[in-house]
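Asks: One structure is given below, represented as structure tokens, and several questions about it will come after.
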Amino acid sequence: MRWYHYVAYFFGGAFLANTLPHLMNGISGYPFQSPFASPPGVGLSSAIVNVLWGIFNMVIAYLLICRIGTFELRKTRHVLTFGLGFLVISLMSAHGFGRFHGGL
């Protein structure tokens with residue numbers, strides 16, 4: 001494996017984790033913060049914008065995980081690298097969004 005495959009798996013995990021809050025809020029019909037809100041990341045975007053943003057993140061995650069290198073669920077390094085990216089962005093999101101939703 002080349003080193004950049006691990007970078008792709010890390011960011012693939014991060015993009016997949018970022019899919020969840022946007023897709024879940026959007027599908028549920030709730031507005032949520034997104035980069036397209038005013039101000040970006042603070043204001044609320046519509047449910048449709050969040051569904052589209054969530055799907056976009058999912059596509060990027062797919063490309064990074066499945067199309068770069070050969071990701072294998074049975075290889076501990078692959079899964080740990082992916083999981084670390086997922087964990088890092090999840091904690092950052094919990095901290096960032098927590099101030100708006102009473103999570104801190």
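Asks: Could you check how much of the accessible area of the chain is carbon and sulfur, as a whole percent, using a 1.4 Å probe?
Replies: Details: 4660 of 6630 Å².
Here it works out to 70 percent.
Asks: Follow-up. With every protein chain present, what is the per residue accessible area of the chain (1.4 Å probe, Å²)? Could the numbers behind the result be given before it?
Replies: Details: 6630 Å² over 104 residues.
Per-residue value: 64 Å².
Asks: In segment 21-104, which chymotrypsin sites (Phe, Trp or Tyr not before Pro) fall in coil by DSSP and have 14 or fewer other Cβ atoms within 10 Å? Please list the in-between numbers first.
Replies: Numbers: sites: F32, F36, W53, F56, Y62, F71, F82, F86, F97, F100; in loops: F36, F71.
Sparse-neighbourhood loop chymotrypsin sites (Phe, Trp or Tyr not before Pro): F36.
Asks: Quick one: helix 76-101 against the long Cα principal axis of the chain, what's the angle to the nearest 10°, folded into 0 to 90?
Replies: With both axes taken from Cα atoms, the answer is about 10 degrees.
Asks: Expressed in nm², what is the orientationally averaged projection area of the convex hull enclosing the Cα positions of the chain?
Replies: Details: hull surface 27.1 nm².
Approximately 6.8 nm², given one-decimal rounding.
Asks: Can you give the helix-only mean residue ellipticity at 222 nm for the chain, where every DSSP H stretch with n ≥ 4 adds -39500 (n - 2.57) and the sum goes over all residues, rounded to the nearest 500 deg cm²/dmol?
Replies: -24500 deg cm²/dmol
The values are calculated or read from the model by the stated rules, or taken from the named source; none is laboratory data. Since we're looking at a predicted model, the values are computed, not measured. Please note: Cβ atoms are built from the backbone with ideal geometry, for glycine as well, and neighbour counts cover all protein chains shown. In case anyone asks, the SASA skips ligands and DNA or RNA and just uses the protein heavy atoms, side chains included. Shrake-Rupley method; radii C 1.70, N 1.55, O 1.52, S 1.80 Å.
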